[in-house]
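The values are calculated or read from the model by the stated rules, or taken from the named source; none is laboratory data. This one's a predicted model, so the numbers in the text were calculated from it and none came from an experiment. All Cβ positions, even for glycine, are placed from backbone atoms using ideal geometry, and neighbour counts span all protein chains on display. The protein model used for the area step is the full one, side chains on, heavy atoms only, and it has no ligands, DNA or RNA in it. Shrake-Rupley method; radii C 1.70, N 1.55, O 1.52, S 1.80 Å.
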Amino acid sequence: MSYVIEMNNIRKEFPGIVANDNITLQLKEGEIHALLGENGAGKSTLMNVLFGLYQPEQGNIKVRGQDVKITDPNIANRLGIGMVHQHFMLVENFTVTENIILGNEPTKAGRLNLKKAAKEVAAISEQYGLRVDPNAKIEDISVGMQQRVEILKTLYRGADILIFDEPTAVLTPQEIQELTGIMKKLVAEGKSIILITHKLKEIMAICDRCTVIRRGKGIGTADVKTSSEAKLAEMMVGREVNFTVEKTPSSPKDTVLKVDNIRMKNSRKVEALKGLSLEIRSGEILGLAGVEGNGQSELIEAITGLRKVDGGHIFLNNQEITNHTPRKVTEAGIGHIPEDRHKHGLILDFNIGENMVLQTYYQKPYSKNGILQFPKIYEKARELIDDFDVRTPSEYTAARALSGGNQQKAIIAREVDRSPDFLIAAQPTRGLDVGAIESIHSRLIKERDKGRAILLMSLELDEILNVSDRIAVIYDGEIVDIVDADKTNEKELGLLMAGGQRQKEGEENREAGK
């Protein structure tokens, strides 16, 4: 069998950790090959070795049967290897074309020829159905469109072997569907793809084969057609995984959070919340479902004090907290697992221990007479790292050195540990593997059963339906309906999310018209 890529017995070490331990991966021409593993299993490290960002301690790489030494990404590009990174590497105030040609600029008589480059970018975009405007600024386009720019960047450089690192982690369901269509088209055009992921549905839908790694070691390669989600999950985490959330019916009591008729403009000065009202009770999980951009992010910003409201009131345990500062909101009893872990969840250059006390560092026992008590801080950090299975070399490791999933687990550990009266969980399992998702869901149920009130915001309808007790659907800055999770389905929620009415109401109206 001839392969376009062979990575044989790759070993990559970092201080205190073996990230890749004797891993072998072989990519056939014209296939989509999944690289599956838990958060921190070593997937991105292995692909960074292939792309020349890291040098392995042992092992060899062959491209189209030839032994190669890839010492930097330029060599990878010359060999036809391109990588679409999980965190995009784009200059926000540059245009699409300027980003794509950066480092590879075409010139005419010694001058930059942007017009020619823009035409080439438009032609490639059309060829692969990417529909990207070459003259748009990065800051003005959606996250999904930014990812297409990253794909275009690799294609512009002539790549026919593409590495996608967790490409759907920040995309909406519609954008995910569009991306899978693009990947199929790329393969049909003769490209070969390695897809780093831990989303089993995506693997089953578009991949041909799947190589599984666990804690840095190769577990094996499976043919997707003859495998199952359950089998791949077991290979990934080393045990049987429960895909359904086990919970008893909720017993909600008093109202903990009341949002009354709030109005607010977004960063573009457009009205994002239009007289929105909502109540969440102790002992329940209220899911917030909606297509991205309908006001859910602004609602969370309003509750947490990250953005001021223009009208209306917010109450926590009957005490008004409207337009309070984030610290006052936190001290009042609100926990916040933010949608954007890098922007609002962590200080990436602080170590894990320091990040674990970001909400409480000024309180006892972490501070005494204004002086930080580091032994107490690191003692608490070790406790949370063990309790929430945060994969890190130590509590002294910088947050930016952890995988995205382990960064997320650190934030969840910090917020849940404080046992707030009201917990906001915005996209809590974004970027997590199935084993971690199972663990986080059971944590949320456990907090609910302790009498906490929880607002769960997620773009994953499966998650909303499985974990929530009630579901509030938000559309165009308003709550259009609230339904019981056990009395609805994806189809009905999808209808409401598009601004339609509940199916039952539609049926009743038809009956009345007879």
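Among residues of region 203-216 that are of a type in the set (D, E, K, R), those with a beta-carbon under 6 Å from a residue that is open to solvent by 10 Å² or more (accessible area, probe 1.4 Å) and not in a loop (DSSP other than H, G, I, E, B) at least six positions away or on a different chain give the pairs Arg209/Thr221; Arg209/Asp223.
Restricting Ile482, Ile412, Ile424 to those that are touching a Lys or Arg at 6+ places or on another chain (Cβ under 9 Å), open to solvent by less than 10 Å² (accessible area, probe 1.4 Å) and either of a type in the set (A, V, I, L, M, F, W, C) or modelled with pLDDT of 95 or more (or both) reduces the list to Ile412. Restricting to region 10-32, what's the tally of residues that are within 27 Å of the chain's Cα centre (by Cα) and crowded, with 21+ Cβ neighbours inside 10 Å? Here the count works out to 7. Starting from residues that are surrounded by 13 or more Cβ atoms within 10 Å (Cβ to Cβ) and of a type in the set (D, E, K, R), keep the ones in region 235-262 and report whichever is farthest from Leu288 (Cα to Cα). Filtering region 235-262 for residues that are surrounded by 13 or more Cβ atoms within 10 Å (Cβ to Cβ) and of a type in the set (D, E, K, R), the one farthest from Leu288 (Cα to Cα) comes out as Lys247. With respect to the stated conditions, Gly82 fails to be part of a loop (DSSP other than H, G, I, E, B) and either surrounded by 17 or more Cβ atoms within 10 Å (Cβ to Cβ) or at pLDDT 90 or above (or both). Strands (runs of 3 or more DSSP E) fully within region 268-339 that include at least 2 residues being over 19 Å from Val480 (Cβ atoms): 284-289, 311-316, 334-337.
Scanning region 446-460 for residues that are surrounded by fewer than 18 Cβ atoms within 10 Å (Cβ to Cβ) and either assigned to a helix (DSSP H, G or I) or of a type in the set (S, T, N, Q) (or both) yields Lys446, Asp449. Cβ-Cβ distances below 7 Å connect the following pairs, each with a first residue in region 86-115 that is under 15 Å from Tyr156 (Cα atoms), a second residue that is open to solvent by less than 50 Å² (accessible area, probe 1.4 Å) and aromatic (Phe, Trp, Tyr), and a separation of six or more residues or different chains: Ile100/Tyr156. Checked against the criterion of being over 21 Å from the mean Cα position of the chain (by Cα) and assigned to a loop (DSSP other than H, G, I, E, B), region 110-119 has at least one qualifying residue. A single member of Glu320, Glu354 is open to solvent by 30 Å² or more (accessible area, probe 1.4 Å), over 21 Å from the mean Cα position of the chain (by Cα), modelled with pLDDT of 95 or more and within 26 Å of Gln86 (Cβ to Cβ), and it is Glu354.
Considering region 54-76, the residues that are closer than 21 Å to Asp160 by Cβ and touching a Ser or Thr at 6+ places or on another chain (Cβ under 9 Å) include one that is least open to solvent (accessible area, probe 1.4 Å), namely Gly65. Here Pro338 passes the criteria (1) at pLDDT 95 or above; (2) under 30 Å from Thr255 (Cβ atoms) except the one numbered (1).
Within region 74-109, the set of residues being among the aromatic types (Phe, Trp, Tyr) and within 24 Å of the chain's Cα centre (by Cα) comprises just one member, Phe88.
For region 196-209, a residue qualifies if it is open to solvent by less than 10 Å² (accessible area, probe 1.4 Å) and under 15 Å from Met7 (Cβ atoms), and exactly one does: Ile196. Scanning region 374-402 for residues that are surrounded by 15 or more Cβ atoms within 10 Å (Cβ to Cβ) and assigned to a loop (DSSP other than H, G, I, E, B) turns up Phe388, Asp389, Val390, Arg391, Thr392, Glu395, Thr397, Leu402. Filtering region 357-372 to residues that are open to solvent by less than 60 Å² (accessible area, probe 1.4 Å) and over 14 Å from Tyr396 (Cα atoms) leaves Leu358, Gln359, Thr360, Tyr366, Ser367. Suppose the filter is touching a residue at least 60 places away in the same chain (Cβ under 8 Å), buried (at least 18 other Cβ atoms within 10 Å of the Cβ) and within 26 Å of the chain's Cα centre (by Cα); does Leu155 pass it? Taking the combined requirement at face value, the residue satisfies it.
Comparison of Gly435, Gly431 shows that the only residue that is closer than 26 Å to Leu306 by Cβ and either touching a residue at least 12 places away in the same chain (Cβ under 8 Å) or of a type outside the set (Val, Ile, Thr) (or both) is Gly431. Taking the stated definitions as given, is Gln26 in contact (Cβ under 8 Å) with a residue 40 or more places away in the chain and not in a loop (DSSP other than H, G, I, E, B)? Yes: the conditions hold for Gln26.
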